[in-house]
Amino acid sequence: MTELTKEEREQALRDFETKQNKRLSVGKTIVIFIASANVFLSIASAVLIFELVYLIALIVQIALSVALISGITWVRHFLAVRAILNVYNNIRVVLGVSAAFHFPVWVIVVLLAELVYWVASCIVLFVDKNVVEYMYAKKYHRKTKTVIR
């Protein structure tokens, strides 16, 4: 085996750091998008159905979103499991709404869009390597050239 020269090692390290910083940046973008979308959905629910339960849910969702962005791992798992439960619930509602009631088409379209969002959110939170890297970096405050705070 040939040994790498000092320049080749330095280049390999720079390449690794570049790739890692890109992963952290993509992971941060995904996490912020999911957190923001969850808050938006909670705000929409609180506005459409103005009840105390939805206002409390909004406050809890904001806290969970801040925790997710901060890199708290159990929140990522909690939100992924919640997404699975929302998928199940949306499927039940869509099947029930379309079979038993005559709601406007836009209601079913919104429910189906939410269903797609929850499926994507669940998959991304559980398996996306960029999200995992970002959460790990936030949790352990790893110093990189990319600002992740």
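Rule-based calculations on the coordinates, nothing more; no lab input. Source: prediction; values computed, not measured.
Dividing the alpha-carbon Rg of the stretch 11-66 by 2.2 N^0.38 Å yields what?
Its radius of gyration relative to the 2.2 N^0.38 Å reference: 1.72.
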Nearest-ten-degree value, helix 105-127 long axis tilted from longest Cα axis of the chain | 30 degrees
In straight Cα distance, which lysines are under 28 Å from residue 138, not counting same-chain residues fewer than 8 positions off?
-> 19, 22, 28, 129
Contour excess over end-to-end distance, with Cα ends at residue 37 and residue 50 and 0.36 nm allotted per residue | 2.8 nm
Helix 73-100 vs. the chain, principal-axis angle (Cα, 0 to 90°, nearest 10) = 30 degrees
Taking alpha-carbon centroids only, the stretch 76-134 lies from the stretch 42-75 a number of Å equal to 16 Å
Mean shadow area of the chain, taken as a quarter of the surface of its Cα convex hull (nm²) | 12.3 nm²
Crossing angle, helix 129-140 versus the chain [Cα axis fit, 0-90 degrees, rounded to tens] = 70 degrees
